[in-house]
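In what follows, a structure is listed as structure tokens, so that the remarks can point back to it.
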Amino acid sequence: MHRIIKRHLELLQYDFIQKIKYNDLLYCDEEGQHSELTVLSGERLKQLRDFCWEMAEKLGYGTCKTDKKGIVTFTPNPSFENC
């Protein structure tokens, strides 16, 4: 198992070095390659935002309300304001 983890880390390190070498670290449009930067918009952004608000409420960080225009207002729980 240790060998597998070590090999995986070596591959990640090699990939990182190649990205730096070819200036593709933050954005790479080469097919089959990924970037360290991901742009979210549209429905994917809405799903992520909704999930984050839901988790903030579930964990007790505060409450959020969405108005008719889709604007979210977050009211923090006073016990978490200094976090």
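The values are calculated or read from the model by the stated rules, or taken from the named source; none is laboratory data. Owing to the predicted nature of the structure, the values given are computational and were not obtained by experimental measurement. Cβ: placed from backbone, ideal geometry, glycine included. Neighbour counts: every protein chain shown. To get the accessible areas, we keep the full protein, side chains included, count just its heavy atoms, and leave off ligands, DNA and RNA. Shrake-Rupley method; radii C 1.70, N 1.55, O 1.52, S 1.80 Å.
See the values below:
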quantity	calculated
Cross-chain or 6+ apart pairs with Cβ under 7 Å, the stretch 4-18 first and under 21 Å from LEU37 (Cα atoms) and open to solvent by 90 Å² or more (accessible area, probe 1.4 Å), then modelled with pLDDT of 90 or more and in a helix (DSSP H, G or I)	none
Failed item, numbered, when MET55 is tested on (1) in a helix (DSSP H, G or I); (2) modelled with pLDDT under 85	(2)
Residue list for the stretch 1-35, filter: modelled with pLDDT of 80 or more and aliphatic (A, V, I, L, M)	ILE4, ILE5, LEU9, LEU11, LEU12, ILE17, ILE20
Residue list for the stretch 36-52, filter: in contact with a helix residue (DSSP H, G or I) (Cβ under 8 Å, 6 or more places away or on another chain) and at pLDDT below 80	GLU36
